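Have a look at the structure below before the remarks.
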Amino acid sequence: MYFFADALKNHLPQFKFTIPQGGMFIYGSIKGIDTFELVQKCIERKVVFVPANQFYLNKKNSDEIRFNFTHTNKKGIVDGLKIIAIILSLKY
C-alpha cells in the first residue's frame, strides 16, 4: 500500500487521496476527469482501475477512482501509472 501511495504521488500527482488504514484499495479523485472515459482509454493499453461510477446505482459520471494495489508487482504499478499519466496528458 505504501509503495503504491508513493508511486501515485510521484507519477500521478493530480490524483488526490488519503492513505487507507487497511483494505486493498486506494480511493481518490482526479478533478474534472470522467474516470469511466479514462479507463476505456487505459484498457486499450492494458491498464485497468475501477472508476467509481460503477459503485453508483445511476452510474453517474464521476472523477473518483479505486486503485487495487494487491495484484500487481512494483514494476507493473509504476508502468501502469505512467501510462495513465500519458493518457491524461493527451487529454484522452
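Read-outs throughout are calculated quantities, based only on the coordinates presented, and are distinct from any laboratory measurement. Treat the numbers as computed from the prediction; the structure is a model and nothing was measured. Here the Cβ positions follow ideal geometry from the backbone for every residue, glycine too, while neighbour counts run over all protein chains shown.
At-a-glance table
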read-out	value
5 angstrom amide H check on residue 66, placed H, neighbours 5+ away	50, 52
The chain, relative contact order in percent, only Cα pairs under 8 angstrom and at least six apart counted	33
Under the span-like rule (Cα at least 20 Å along the axis, Kyte-Doolittle mean at least 0.5), DSSP H helices of the chain	74-89
Environment charge at residue 87 (Cβ cut-off 14 Å; Lys +1, Arg +1, Asp -1, Glu -1)	+1
Angstrom value of the Kirkwood radius, inverse mean 1/r, which spans all Cα pairs in region 1-87	13.0
Which of 66, 45 has the fewest Cβ neighbours within 10 Å, and the rest in rising order	45, 66
Projected label distance in nm at residue 1 and residue 37, using a 7 Å step from Cα toward the beta-carbon	3.3
Environment charge at residue 12 (Cβ cut-off 12 Å; Lys +1, Arg +1, Asp -1, Glu -1)	+2
